[in-house]
Amino acid sequence: MTTSTTVRAVAIIPAQPGAVRVTTIDVPEPGPGEVEIGVIRVGVCGTDRELIRGEIGFPPAGSDELILGHEVVGRVLTLGPGVTGLAIGDLVTVTVRRPDGCAACQAGEPDMCLDREYTERGIAGAHGFMAERIVERQDWVVKVPDRLEPVAMLTEPLTVVEKAVRQANLIQHRLNYWNLKTAVVMGAGPIGLLGTLLLRSRGVDTYTLARTPAPNPAAELVTASGATYISTSEQALGELAATLPNIDLILESSGSSQVVFESMRLLGNNGVLVLLSLTGGHDTHEVPTAELNTSLVAGNKVVVGSVNAGMVDFANAVESLGRFEDLWPGLTESMITHRFTLDDDLASATGKLPGGIKSVIEFGNGG
Ligand code: BGC
């Protein structure tokens with residue numbers, strides 16, 4: 001007989017925007033090929049805030065509620081029948097997207113889904129990880145070394161920039177001389193900061209641009225990694241291009257569709273601009289179309305969108321987190337500016353906080 005355990009979780013009702021609350025959910029015993037994971041902590045991100053505002057997302061079939069959370073670290077509690085390569089007590093994280101029947105998904109790349117009928121845990125059609133316990137197929141579970149426990153919930157947001165840089169390098173196979181020397185990161189939220197650390201850990205000369213003037217916690221982190229923080233409220237983007245070397249790569253994670261087009265102009269010849277901001281809403285702006293087009297054509301520039309991440313990016317992100325620790329002990333963890341539990345006010349826990357970079361919800365389970 002299958003038994004289940006009732007645990008506490010953080011949920012929204014997608015059809016009723018604005019309310020985030022603690023609920024309970026029955027977690028079944030892991031079936032064949034599945035593992036049960038005791039959740040240690042889960043990161044909160046901009047996507048969660050969009051979900052809470054009712055702008056995106058939908059619950060699993062047959063449920064009004066959607067359990068939030070897609071940035072998780074936990075430990076394996078129970079192994080279902082037939083699970084190999086994982087042991088009770090292993091520290092793990094879990095991928096987000098589950099495939100549909102399209103050619104890309106069937107070829108093992110759900111992050112490149114053609115039909116967009118995938119599900120995403122904690123976002124689209126599947127419960128997420130903000131629960132005391134979760135069950136997942138072992139195929140989507142990624143082992144993490146114990147020493148990375150304090151930062152392992154950042155694996156998932158890091159995969160977003162891992163994929164971006166991987167895509168840029170794949171695209172640049174078009175060039176005989178490709179050598180990523182200079183990069184600009186647009187935005188100093190968690191994705192921009194993880195992108196900055198990733199590029200710096202690979203020795204790339206990196207400039208991270210954000211509106212807020214220094215000093216601020218994000219600017220400190222950028223500087224500590226050896227990158228240069230530039231406030232766009234103090235220096236106009238147009239002037240900046242003239243002062244920097246040819247920009248080989250821009251990671252656009254500002255969240256502003258206007259900055260996307262400004263980035264096209266800033267991008268150096270033969271460069272790649274990777275767009276990572278999912279800009280909700282319906283903003284419109286005037287853009288100099290002829291000028292931008294000429295700069296892209298004459299400069300052999302590439303603009304590419306990138307979302308989610310593949311298994312390879314998870315493996316690379318775990319390796320990168322280790323490299324970050326070796327290079328800058330404790331720096332990645334300093335991104336965690338606020339910690340909450342299920343007993344705290346969830347509106348604050350999931351809200352954008354002054355000076356905050358990343359909030360996490362602690363679920364216990366021993367760490
Ligand atoms: C997640 C991605 C996901 C995207 C769109 C992001 O917050 O990091 O994994 O694909 O939201 O739902």
### Query
From the backbone phi of the stretch 229-240, what are the Karplus-calculated ³J(HN,Hα) couplings (6.51 cos²θ - 1.76 cosθ + 1.60, θ = phi - 60°) in whole Hz, Gly and Pro given as x?
8, 10, 8, 6, 8, 10, 9, 6, 4, x, 6, 4
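Roughly to the nearest percent, how much of the accessible area of the stretch 100-155 is carbon and sulfur, given a 1.4 Å probe?
Ligands and nucleic acids excluded, carbon and sulfur give 45 percent.
May I ask you to compute the full-extension gain from residue 55 to residue 242, defined as 0.36 nm times their residue separation minus their alpha-carbon distance, rounded to one decimal in nm? If you can, show how the numbers build up before the last one.
Numbers: separation 187, 0.36 × 187 = 67.32 nm, distance 3.87 nm.
Extending this stretch completely gives an extra 63.4 nm.
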### Query
Using modelled amide H (1.01 Å from N, peptide plane; none on Pro or chain starts), what sits under 5 Å from the amide H of residue 273, excluding residues fewer than 5 places away?
250, 302, 303, 304
### Message
Let's test the formula: R0 of 35 Å, r as the Cβ-Cβ distance of residue 143 and residue 116. What FRET efficiency results, to the nearest 0.05?
### Response
0.75
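Starting from the Kirkwood Rh over alpha-carbon pairs, what translational D in µm² s⁻¹ does the stretch 113-247 have by Stokes-Einstein at 20 °C and 1.002 mPa s?
Rounded to a whole number, D works out at 122 µm²/s.
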### Query
Counting only residues 5 or more places away or on other chains, whose amide H sits under 5 Å from the amide H of residue 133 once H atoms are built in the peptide plane?
39
### Query
In a Debye calculation with equal point scatterers on the alpha-carbon sites of the stretch 63-181 and no solvent, what is log10 I(q)/I(0) at q = 0.13, 0.15, 0.23 Å⁻¹?
-0.64, -0.82, -1.36
### Hypothetical label at residue 170: residues of the stretch 89-133 whose amide nitrogen lies under 15 Å (7 Å Cα-Cβ projection)
103-114
### Task
Could you please report the charge total around residue 136, scoring K, R as +1 and D, E as -1 over all other residues with beta-carbon less than 12 angstrom from its beta-carbon?
+1
## Note on the structure
Log entry: pair-distance distribution for the chain, C-alpha pairs binned every 20 Å from zero, whole % per bin is 29, 58, 13, 0
### Task
Only helical DSSP H runs with n ≥ 4 go in: add -39500 (n - 2.57) per run for the chain, normalise by residue count and round the 222 nm mean residue ellipticity to 500 deg cm²/dmol.
-7500 deg cm²/dmol
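Grab the other residues whose beta carbon is less than 14 angstrom from that of residue 116, score K and R as +1, D and E as -1, and report the net.
Working: positive: 97, 98; negative: 100, 109, 111, 115, 117, 120.
Neighbourhood net charge equals -4.
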### Message
Along the Cα→Cβ direction, 7 angstrom out, place labels at residue 304 and residue 24. What is the inter-label distance in nm?
### Response
4.9
### Summary
Among GluC sites (Glu not before Pro) in the stretch 68-133, those in a DSSP loop whose Cβ has at most 14 other Cβ atoms within 10 Å are 117
### Query
What whole number of Å gives the distance from the Cα centroid of the stretch 147-205 to the Cα centroid of the stretch 258-305?
19
#### Entry: Mean Cβ neighbour count within 10 Å, used as a protection proxy, ranking 352-361, 255-264 highest first
255-264, 352-361
### Task
Would you please name the trypsin sites (Lys or Arg not before Pro) within the stretch 76-176 that are DSSP coil residues with at most 12 other C-beta atoms within 10 Å of their C-beta?
116
### Query
When all C-alpha to C-alpha distances in the stretch 237-315 are sorted into bins of 10 Å, what percent of pairs does each bin hold, rounded to whole numbers?
17, 47, 28, 8, 0
### Task
List, in order, the whole-Hz ³J(HN,Hα) value for each residue of the stretch 129-141 obtained from phi through the Karplus relation with A = 6.51, B = -1.76, C = 1.60 and θ = phi - 60°; use x for Gly and Pro.
9, 7, 8, 4, 9, 9, 10, 8, 5, 4, 4, 9, 9
### Task
Report the label-to-label distance for residue 179 and residue 344 in nanometres (one decimal), using points 7 Å from each Cα along the Cα→Cβ vector.
4.7
### Query
Within the stretch 269-335, which GluC sites (Glu not before Pro) sit in a loop by DSSP and count at most 12 neighbouring Cβ atoms inside 10 Å?
286
### Query
In square angstrom, what is the accessible area per residue of the stretch 159-305 with a 1.4 angstrom probe?
46
## Note on the structure
Expected sort for 11-20, 199-208 on mean C-beta neighbours within 10 Å, highest first, is 199-208, 11-20
### Query
Among 47, 311, 186, whose Cα lies farthest out toward the positive end of the dipole of the chain, if unit charges sit on the beta carbon of Lys, Arg (+1) and Asp, Glu (-1)?
186
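The values are calculated or read from the model by the stated rules, or taken from the named source; none is laboratory data. Remember, it's a predicted structure, so these values are computed and weren't measured experimentally. Cβ atoms come from the backbone with ideal geometry, glycine included; neighbour counts cover every protein chain shown. Ligands, DNA and RNA are excluded from the accessible area calculation, which covers all protein heavy atoms including side chains. Shrake-Rupley method; radii C 1.70, N 1.55, O 1.52, S 1.80 Å.
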